[in-house]
1. Pairing the Cα long axis of helix 149-160 with the longest principal axis of the chain, what angle in degrees results, from 0 to 90 and rounded to the nearest 10?
2. Given the C-alpha atoms of the chain, compute the convex hull and give its volume per residue in Å³.
3. So what's the gap between the Cα centers of segment 25-39 and segment 114-168, to the nearest angstrom?
4. So which aspartates and glutamates pass the test for Lys74, namely a Cα distance under 17 Å, with those fewer than 8 places away in the same chain ruled out?
5. For segment 46-117, report the translational diffusion coefficient in µm²/s to the nearest whole number, using Stokes-Einstein at 37 °C, 0.692 mPa s, and a Kirkwood Rh over Cα pairs.
6. Among Val149, Val131, rank each residue by its count of other Cβ atoms within 10 Å, from fewest to most, as a rough exposure measure.
7. Restricting to DSSP loop positions (anything but H, G, I, E, B) with no more than 11 other Cβ atoms inside 10 Å of their own Cβ, which chymotrypsin sites (Phe, Trp or Tyr not before Pro) remain in segment 88-182?
8. Report, in listed order, any pair from Lys118/Lys172; Lys27/Lys130; Lys27/Lys124; Lys82/Lys124 with a Cα-Cα distance greater than 24 Å.
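Derivation of every value follows stated rules applied to the coordinates shown; laboratory data play no part. Just so it is clear, the model here is predicted, and its values are computed rather than measured. Please note: Cβ atoms are built from the backbone with ideal geometry, for glycine as well, and neighbour counts cover all protein chains shown.
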Amino acid sequence: MLKAKAVRPVLFKKYFSMAFDINFQEKATVQFHIRRFLLYPSFWENTVNHVPIPLIWNLCRFEASNHGTIPREKGIYCFVVKPNVPHFFETSYLFYVGKTNRTLYDRYKEYLNDQSGKGKPRSKVYEMLKVYRDHIYFYYAEIPAQQNVDNCEERLLNIFFPPINTLIPIAKIKPELQNIYE
């Protein structure tokens with residue numbers, strides 16, 4: 001009769017008691033930060049989408065202390081998240097494109113109010129402003145009164161499909177482009 005070989009407790013413990021565990025809270029936090037972007041060269045290269053006038057872009061970190069530097073002119077603007085990683089090249093993510101036929105100064109103030117939860121901010125905008133508060137930049141370009149602010153915004157939306165924007169003009173007429181982030 002063969003004797004069963006005894007398994008030494010040390011080896012058993014070594015091979016079978018190594019616990020596998022997942023921190024689901026950390027996983028959920030990481031997954032919350034996954035974003036989708038449409039990177040479609042055909043849209044970038046299509047001259048129909050190009051802005052018809054030269055724009056001079058300015059930027060500032062999006063924070064209350066910069067409100068006074070924003071011009072009291074109408075124009076278009078973008079929210080961009082910049083990681084600012086030391087010893088690495090500049091990396092940016094375009095989250096939102098907007099326009100104002102009032103003043104950029106007034107619109108900036110409205111976004112500061114949105115960030116602080118005043119009124120009823122749009123949920124995607126509020127989330128962007130809160131989650132990336134230390135990494136968000138406001139790019140803006142003044143557009144002279146005779147130029148069409150709406151036209152410039154529409155073209156930029158059709159080129160980039162920013163993930164926070166919900167109304168993309170070309171998606172209204174092309175069903176295959178509707179709800180691409182959902």
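1. Taking the Cα atoms of the chain, the angle to 149-160 is about 30 degrees.
2. With only Cα atoms used, the chain gives 247 Å³ per residue.
3. If you average the Cα positions of each part, the centres end up 20 Å apart.
4. List returned: Asp106, Glu110, Glu142, Asp150, Glu153, Glu154.
5. Values: Rh = 14.1 Å.
Using the Kirkwood radius from Cα pairs, D works out to 233 µm²/s.
6. Taking fewest neighbouring Cβ atoms as first place, the list is Val131, Val149.
7. Listed in order of number, the matching sites are Phe88, Phe89.
8. Beyond 24 Å: Lys118/Lys172.
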